[in-house]
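The structure under discussion appears below in the form of structure tokens.
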Amino acid sequence: MLDAAQTSQDTVLSVEGLTVHYPVRKGMLGRQVQYVHAADDVSFTLRRGETLGLVGESGCGKSTVGRSILRLVEPTRGKILLGDTDITHLERGEMRAHRQNLQAIFQDPYSSLNQRMRAFDLVAEPLRNFGRPVTREIIADLFRQVGLRRDQMDNFPHQFSGGQRQRLVIAKALGLQPEIIVCDEAVSALDVSVQAQVINLLTKLQREHGIALLFVAHDLAVVEHISHRIAVMYLGQIVELAEKRSLFAQPRHPYTRALLDAVPVPDPKRRLEAGRIIPGDVPSPLNPPAGCRFHTRCPLAFDRCRKEAPVLKQVAAEHQAACHLNDAA
Ligand SMILES: Nc1ncnc2c1ncn2[C@@H]1O[C@H](COP(=O)(O)OP(=O)(O)OP(=O)(O)O)[C@@H](O)[C@H]1O
Ligand SMILES: [Mg+2]
């Protein structure tokens, strides 16, 4: 066991009670304002050099959490801490120093790379922005680390394949030697075989550089390989957060169990998207159900679940879940 001091030293990112409600206008002339409950009281930490997978069905709030950490979304409540620094409300200028430490990789490398710039300049750009040295050797080394060839440095993005473009994005993120990279569906647009290569690359780089990754994906099979711990979200809330083996061996939330049941078909053509086999629709995030948000679809729901919201609590070592069933045991 780590003592408290070591634990806080090892924590590179803390998300505390993060709540994001997006206002949406409804009704005649848009006079009525309603709120999308995209994230409600989300709390977790990211440790130095670990990968935390964040999974859940489309619309459950994964990107909202990732974008809040990157300061692309303004939280309604809650805090984001980088190490000990509260960055929740930092101004652009103040945030700049922390940017180097906090990089992002999104789904679509095409839109995150300027098509008119050569690969060399794309990878060099963040280094130049922060006044770091840029030489052919430094950039060539980044190319080598992500499995691109030196002679590709003068090519334009369209001359790379999808997987290679994502490698370029990774090289760009890596240059500043960040402590944290938020990967939001970083491999979701790639073919399954290429996905595995890019995941292997991220795993290797993370080990070599001790980077902490928040790895967002809707597909549990994708996060399984890369993650040390996994957080499962449902309708804006984390319902389970556990060390990977513990989560797979003994899921403690019926929603996680349902997600796991959706995974095991190895044939990608037959593999269902996470959650498809769970009966019933996800309720509207404009008006989430009272009590446990999953109770409308939960095969095990009982009276208490309809009335009282379960809190995320420790159910085993490195294992938290928010389900009343764990109290009964
Ligand atoms: N800017 C916005 N304004 C209003 N609602 C939004 C906004 N961005 C996201 N939402 C809504 O917030 C909820 C959470 O969205 P989010 O993109 O975080 O989900 P997600 O888990 O990343 O989904 P996906 O797997 O499809 O990427 C959804 O209901 C979405 O429609
Ligand atoms: Mg998303």
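The values are calculated or read from the model by the stated rules, or taken from the named source; none is laboratory data. Just so it is clear, the structure is predicted and the values come from calculations on it, not from any experiment. Note that we place each Cβ from the backbone using ideal geometry, even for glycine, and neighbour counts take in every protein chain shown. When the accessible area is computed, the model is the full protein with side chains, heavy atoms only, and any ligands, DNA or RNA have been set aside. Shrake-Rupley method; radii C 1.70, N 1.55, O 1.52, S 1.80 Å.
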Review point. Right, Gly61: surrounded by 14 or more Cβ atoms within 10 Å (Cβ to Cβ) and within 12 Å of ligand 1 (Cβ to nearest atom) or not?
Key: yes
**Study point:** Top-ranked residue in region 46-58 [being more than 10 Å from ligand 2 (Cβ to nearest atom) and open to solvent by 50 Å² or more (accessible area, probe 1.4 Å); ranked as farthest from Thr11 (Cα to Cα)]
**Key:** Arg48
**Study point:** Index of the failed condition, Pro109 passing every other in (1) crowded, with 18+ Cβ neighbours inside 10 Å; (2) at pLDDT 95 or above; (3) not hydroxyl-bearing (Ser, Thr, Tyr)
**Key:** (2)
Exercise for review: From Leu127, Leu122, Leu113, Leu70, grab the single residue that is in contact with a strand residue (DSSP E or B) (Cβ under 9 Å, 6 or more places away or on another chain) and under 22 Å from Leu201 (Cβ atoms).
Suggested key: Leu70
Review point. Would region 66-76 turn up any residue that is more than 16 Å from ligand 2 (Cβ to nearest atom), in a strand (DSSP E or B), open to solvent by less than 50 Å² (accessible area, probe 1.4 Å) and out of contact with any Asp or Glu (no Cβ under 9 Å at 6 or more places or on another chain)?
Key: no
Exercise for review: Looking only at region 18-40, decide whether some residue is away from ligand 1 (no atom under 13 Å from the Cβ) and touching a Ser or Thr at 6+ places or on another chain (Cβ under 9 Å).
Suggested key: no
Point to revise | Subset of region 174-224 (residues that are within 27 Å of Leu81 (Cα to Cα), of a type in the set (Asp, Glu), away from ligand 2 (no atom under 15 Å from the Cβ) and assigned to a loop (DSSP other than H, G, I, E, B)) | key: Glu179
Revision key, fill the gap. The condition of being away from ligand 1 (no atom under 16 Å from the Cβ) and crowded, with 24+ Cβ neighbours inside 10 Å holds, among Leu205, Leu201, Leu213, only for Leu213
**Study point:** Leading residue by the ranking (farthest from Leu168 (Cα to Cα)) among those in region 78-112 that are outside any loop (DSSP other than H, G, I, E, B), of a type outside the set (S, T, N, Q) and within 16 Å of ligand 1 (Cβ to nearest atom)
**Key:** Gly78
Exercise for review: Kindly list the number of the only condition in (1) assigned to a helix (DSSP H, G or I); (2) within 16 Å of ligand 1 (Cβ to nearest atom); (3) at pLDDT 95 or above that fails for Arg167.
Suggested key: (2)
Review point. Got at least one residue in region 226-239 being among the polar types (S, T, N, Q), under 23 Å from Arg293 (Cβ atoms) and touching a residue at least 60 places away in the same chain (Cβ under 8 Å)?
Key: yes
Point to revise | Residues of region 1-18 satisfying the condition of being open to solvent by 70 Å² or more (accessible area, probe 1.4 Å) and either in a strand (DSSP E or B) or modelled with pLDDT of 90 or more (or both) | key: Glu16
Study note, to complete from the structure: Scanning region 125-169 for residues that are among the small types (Gly, Ala, Ser), surrounded by 14 or more Cβ atoms within 10 Å (Cβ to Cβ) and without any contact (Cβ under 8 Å) to a residue 24 or more places away in the chain gives Ala140
Point to revise | Test: Leu29 is in a strand (DSSP E or B) and either modelled with pLDDT of 95 or more or surrounded by fewer than 18 Cβ atoms within 10 Å (Cβ to Cβ) (or both) | key: no
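Only one of these is within 16 Å of ligand 2 (Cβ to nearest atom), open to solvent by 30 Å² or more (accessible area, probe 1.4 Å) and not small (Gly, Ala, Ser): His21, His37, His89. Name it.
Exactly one residue qualifies, and that residue is His37.
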